[in-house]
Amino acid sequence: MTRWHRFRRLVALLACVAALAACGGGGDGTASTAGTGESSASSEPSAPSEPSDADGGVDEGGGGAGATTSDAPSTGAAGEAPQEEQGSLVAPLDTTTTVAAAGGDSGAETASGPLPLSGGTVRVGVEAEADGLNPAANNFAASAYVMAYPMFDPLAYFDADGNWIPYLAESFTSNDDATVWRMRLREGVRFHDGTAMTADDVVATISAQLADPVISLVYRNTIDADDFITKIDDLTVEMRMARPAARFPLALTGQLGMVLPSEWLELAREDPTLNQRPVGQGPFILSSRVQDVATVLVRNPDYWAAGRIDVYVDRIEIYPITDMVIAAERLIAGDLDLAITSNAEATLIMREAAGVTTIENLRSDEGFAVLNSGRPPFDDIRARQALTFASDRDGYLELIRQGTSPPADTMFHPDLIWHNPAVKQETNMPERAGPLVEAHCADYPDNCTGGRINIELYFGGPSVENVRIADLQTDAWEDFFNVTPVEVLQDKLINQVVLGNYDVVNWRQFGTVDPDSAALWLECDSVGFISLNFPRYCDAERDELMLESRAIDDLDRRVEIWHRIQEMIRDSYTYIFYYHTNWAVGARDDVHRICGQTSPDGTELWCNNSGRMLLNGIWLS
């Protein structure tokens, strides 16, 4: 593969997790790279990570502790939902706001409520399309996961408290320093083609993923790529880490944990069209797929876990709808049963509709502006500070997010123990920007015109929403900066960002289940010709802290580390945080058991993980 083709694969990978990309979804049109459990993740040595102090989960149709149902949205300032005690959650669980609009039905199953019914078709609207559904070749973001999870049972997943648990795997164990992990598979698992799943399939699938130069870039600081995975016996594999990884099974909750038949993988290498027709082992089989139109799944009659996991509907139809306002209207009209979105206007429409329930997670990824410290003018911290002080976060939240998302000061929602309450985003302070701009222009006159710093603001398009955001930002900055808005097609925008060819760009990222997963986007090693550290800012002390956090299980020390990292990020002035994304699932009142689904061992599962929904156990009344 040539360097250019590798670069194009990286572009595809990042595009897949971008907010407006063909296979990812973003409510306000900002570009996005979702920091999920797949990247640089690790896990507990021989038991799930520390449980949350909060109840966690959402009860919609019989699941999730701590959910609330009301006749109208219940939010506070800037869309903040009623919170658990601040700083009590270890993982960004669903906010406890199950909202039933007036005239609607929450779908909650009670002792006198309806019994589950089998049969029927559930129709789902998602924000975007995926480039393919082969986890060893394509790139998954939120919408792709909605399509893939019914077909692939992951090796690990999350319980209702956000802890990793074995799923397709039976168990995980590690050595004392968490540099070697062994995974035991469940017996009796069969693929959709009837073949038995063995360790050979796991080795073949993960090896195929890590052979890809782009995917290996994502995992390079966690795994020993040269000798990572070895078959021990037909149901056991051993995995070696590049350094201690105390929570490694988190990496297997997503794309890396989706297993394909080894023989099918060989066929797909010769025939890439098979990437649109994968063979998994989940409760649903791919029936048909027309890209940008619909993906249709039908119930697997020979599902290996049929005696352990209840599956009710016969058919799932998933429609990519890039304008989620239209999707919300189709939901209300009865053309869809579910709509999954981070779009503010669509969320408001669904909240206000009779007969529609929304399940919202305000603790998802963050929306922000990234400042490129790798070139002028933002290689000077005074310019970065000035842009931060001049930014109008309050106006952004009011006009763009329309009260649906809470303000962000850091990469962690205030309900999380990782959040440092002492760190505040220093926006809406224009009086502090002027002296800094004056000093910068005195030292670097070539960067300025008319006493203002010249910058280019990049954003993805075409998008009316993105133009509105750029106009709002330009209005806030124009007293101190000469802003040239640059609207770029999404894949082209990602090219510019990973190569560092921008001044400031609107982005969406982080929202990780475990903070160690965010390290990929912050490490010095991620700065290079192709940089996943988008601000291109290196801090060796920060790197040392992140490495320490990965290696230990001491929760108090890890919290201390990440509190310090947030201070370091604040002091670098490389991000201007605006909001915490609100991922909303809108459901008609005849859709049940959106939450409350269980693993093969009967453990209740996380419901709304930043829009990554499980459709396996839904039923229709």
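The values are calculated or read from the model by the stated rules, or taken from the named source; none is laboratory data. These numbers come from a predicted model, not from an experiment. Note that we place each Cβ from the backbone using ideal geometry, even for glycine, and neighbour counts take in every protein chain shown. Ligands, DNA and RNA are stripped out before the accessible areas are found, and what is left, the full protein with its side chains, is counted by its heavy atoms. Shrake-Rupley method; radii C 1.70, N 1.55, O 1.52, S 1.80 Å.
Residues that are under 29 Å from Ala339 (Cβ atoms), open to solvent by 10 Å² or more (accessible area, probe 1.4 Å), in contact with a Pro (Cβ under 6 Å, 6 or more places away or on another chain) and modelled with pLDDT under 95: does region 251-260 have at least one?
The answer is yes; a qualifying residue exists.
Yes/no matrix, rows are residues, columns are (1) of a type outside the set (Asp, Glu); (2) more than 20 Å from Ser572 (Cβ to Cβ); (3) touching an Asp or Glu at 6+ places or on another chain (Cβ under 8 Å):
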site	(1), (2), (3)
Asn420	yes, no, yes
Lys424	yes, no, yes
Glu431	no, yes, no
Asp446	no, yes, no
Leu489	yes, yes, no
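Would it be correct to say that Ala354 is small (Gly, Ala, Ser), surrounded by 16 or more Cβ atoms within 10 Å (Cβ to Cβ) and in contact (Cβ under 8 Å) with a residue 60 or more places away in the chain? Even if it seems obvious, please write down each step before you answer.
Details: small (Gly, Ala, Ser): yes; surrounded by 16 or more Cβ atoms within 10 Å (Cβ to Cβ): no; in contact (Cβ under 8 Å) with a residue 60 or more places away in the chain: yes.
So Ala354 does not fit the description; no.
Can you pull out the residues in region 520-550 that are touching a residue at least 60 places away in the same chain (Cβ under 8 Å), farther than 17 Å from Val370 by Cβ and buried (at least 18 other Cβ atoms within 10 Å of the Cβ)?
Scanning region 520-550 gives a single hit, Arg550.
Does region 508-517 contain at least one residue that is surrounded by fewer than 23 Cβ atoms within 10 Å (Cβ to Cβ), out of contact with any Asp or Glu (no Cβ under 8 Å at 6 or more places or on another chain) and β-branched (Val, Ile, Thr)?
Let us first name the residues in region 508-517 that are surrounded by fewer than 23 Cβ atoms within 10 Å (Cβ to Cβ), namely none.
So far as region 508-517 goes, no, none of its residues is surrounded by fewer than 23 Cβ atoms within 10 Å (Cβ to Cβ), out of contact with any Asp or Glu (no Cβ under 8 Å at 6 or more places or on another chain) and β-branched (Val, Ile, Thr).
Tell me yes or no: at least one residue of region 433-446 is touching a helix residue (DSSP H, G or I) at 6+ places or on another chain (Cβ under 9 Å), part of a loop (DSSP other than H, G, I, E, B), open to solvent by less than 50 Å² (accessible area, probe 1.4 Å) and not basic (Lys, Arg).
There is no residue in region 433-446 that is touching a helix residue (DSSP H, G or I) at 6+ places or on another chain (Cβ under 9 Å), part of a loop (DSSP other than H, G, I, E, B), open to solvent by less than 50 Å² (accessible area, probe 1.4 Å) and not basic (Lys, Arg).
Restricting attention to region 292-314, and to residues there that are open to solvent by 80 Å² or more (accessible area, probe 1.4 Å) and farther than 24 Å from Asp601 by Cα, which single residue is modelled with the highest pLDDT?
So, considering only residues that are open to solvent by 80 Å² or more (accessible area, probe 1.4 Å) and farther than 24 Å from Asp601 by Cα, the one modelled with the highest pLDDT is Val293.
Give all pairs with beta carbons closer than 6 Å in which a residue from region 395-419 that is surrounded by 21 or more Cβ atoms within 10 Å (Cβ to Cβ) meets a residue that is hydroxyl-bearing (Ser, Thr, Tyr) and part of a helix (DSSP H, G or I); count only pairs at least 6 apart in sequence or on separate chains.
Thr404/Thr347
Test Asn608 against the criterion of being free of Cβ contacts under 8 Å to residues at least 40 places away in the same chain, within 27 Å of Phe248 (Cβ to Cβ) and open to solvent by less than 10 Å² (accessible area, probe 1.4 Å), and give yes or no. Spell out the reasoning first.
On the way: free of Cβ contacts under 8 Å to residues at least 40 places away in the same chain: no; within 27 Å of Phe248 (Cβ to Cβ): yes; open to solvent by less than 10 Å² (accessible area, probe 1.4 Å): yes.
In short, no.
If you go through region 526-543 one residue at a time, how many are part of a helix (DSSP H, G or I) and closer than 27 Å to Val90 by Cβ? Steps first, answer last, please.
Filtering region 526-543 down to residues part of a helix (DSSP H, G or I) leaves 526, 540-543.
The next check asks that each one be closer than 27 Å to Val90 by Cβ; those that pass are 526, 541-543.
Count: 4.
So if I check each of Ile165, Ile206, which one is modelled with pLDDT under 95, closer than 29 Å to Ala306 by Cβ and outside any loop (DSSP other than H, G, I, E, B)?
Working: Ile165 fails: modelled with pLDDT under 95.
Testing whether each residue is modelled with pLDDT under 95, closer than 29 Å to Ala306 by Cβ and outside any loop (DSSP other than H, G, I, E, B) leaves just Ile206.
Among the residues of region 180-210 satisfying the criterion of being hydroxyl-bearing (Ser, Thr, Tyr) and open to solvent by 30 Å² or more (accessible area, probe 1.4 Å), which is nearest to Asn300 (Cα to Cα)?
If we take residues in region 180-210 being hydroxyl-bearing (Ser, Thr, Tyr) and open to solvent by 30 Å² or more (accessible area, probe 1.4 Å), then Thr195 is nearest to Asn300 (Cα to Cα).
Does Phe459 meet the test of being in contact with a helix residue (DSSP H, G or I) (Cβ under 8 Å, 6 or more places away or on another chain), in a loop (DSSP other than H, G, I, E, B) and surrounded by 23 or more Cβ atoms within 10 Å (Cβ to Cβ)?
Values: in contact with a helix residue (DSSP H, G or I) (Cβ under 8 Å, 6 or more places away or on another chain): yes; in a loop (DSSP other than H, G, I, E, B): no; surrounded by 23 or more Cβ atoms within 10 Å (Cβ to Cβ): yes.
No: the conditions fail for Phe459.
Can you pull out the residues in region 226-250 that are surrounded by fewer than 20 Cβ atoms within 10 Å (Cβ to Cβ) and in a strand (DSSP E or B)?
Selection gives Thr230, Lys231, Ile232, Asp233, Thr236, Glu238, Arg240.
Any chance region 484-500 includes a residue that's assigned to a loop (DSSP other than H, G, I, E, B) and surrounded by 14 or more Cβ atoms within 10 Å (Cβ to Cβ)? It would help to see each step written out before you state the result.
Here is the first cut: in region 484-500, the residues assigned to a loop (DSSP other than H, G, I, E, B) are 500.
Retained after the next criterion (residues that are surrounded by 14 or more Cβ atoms within 10 Å (Cβ to Cβ)): 500.
Yes, some residue in region 484-500 is assigned to a loop (DSSP other than H, G, I, E, B) and surrounded by 14 or more Cβ atoms within 10 Å (Cβ to Cβ).
Looking only at residues in region 359-387 that are farther than 19 Å from Leu522 by Cα, at pLDDT 95 or above and surrounded by 24 or more Cβ atoms within 10 Å (Cβ to Cβ), which one is nearest to the chain's Cα centre (by Cα)?
Ranking the qualifying residues of region 359-387, first place goes to Leu387.
Are any residues in region 157-166 closer than 19 Å to Leu615 by Cβ and open to solvent by less than 10 Å² (accessible area, probe 1.4 Å), and if so, which ones?
Selection gives Tyr157, Phe158.
I'm trying to understand the selection: among the residues of region 265-278, which are surrounded by 16 or more Cβ atoms within 10 Å (Cβ to Cβ) and either out of contact with any strand residue (DSSP E or B) (no Cβ under 8 Å at 6 or more places or on another chain) or farther than 25 Å from Val202 by Cβ (or both)?
Answer for region 265-278, where residues must be surrounded by 16 or more Cβ atoms within 10 Å (Cβ to Cβ) and either out of contact with any strand residue (DSSP E or B) (no Cβ under 8 Å at 6 or more places or on another chain) or farther than 25 Å from Val202 by Cβ (or both): Leu265, Ala268, Leu274, Asn275.
Does region 554-569 contain at least one residue that is aliphatic (A, V, I, L, M), over 30 Å from Leu336 (Cβ atoms) and in a loop (DSSP other than H, G, I, E, B)?
The first filter runs over region 554-569 and keeps only residues aliphatic (A, V, I, L, M), leaving 555, 559, 561, 565, 568-569.
Filter again for over 30 Å from Leu336 (Cβ atoms), leaving 555, 559, 561, 565, 568-569.
If we keep only those that are in a loop (DSSP other than H, G, I, E, B) as well, we get none.
No, region 554-569 has no match at all.
Determine whether region 576-587 contains at least one residue that is over 26 Å from Ile469 (Cα atoms) and either surrounded by fewer than 24 Cβ atoms within 10 Å (Cβ to Cβ) or small (Gly, Ala, Ser) (or both). Lay out the reasoning, then the answer.
Kept after step one, since they are over 26 Å from Ile469 (Cα atoms), are these residues of region 576-587: 587.
Checking the rest, the ones that are also either surrounded by fewer than 24 Cβ atoms within 10 Å (Cβ to Cβ) or small (Gly, Ala, Ser) (or both) come to 587.
Among the residues of region 576-587, at least one is over 26 Å from Ile469 (Cα atoms) and either surrounded by fewer than 24 Cβ atoms within 10 Å (Cβ to Cβ) or small (Gly, Ala, Ser) (or both), which makes the answer yes.
Somewhere in region 412-421, is a residue outside any loop (DSSP other than H, G, I, E, B) and either over 15 Å from Val483 (Cβ atoms) or not hydroxyl-bearing (Ser, Thr, Tyr) (or both)?
Yes; the residues of region 412-421 include at least one that is outside any loop (DSSP other than H, G, I, E, B) and either over 15 Å from Val483 (Cβ atoms) or not hydroxyl-bearing (Ser, Thr, Tyr) (or both).
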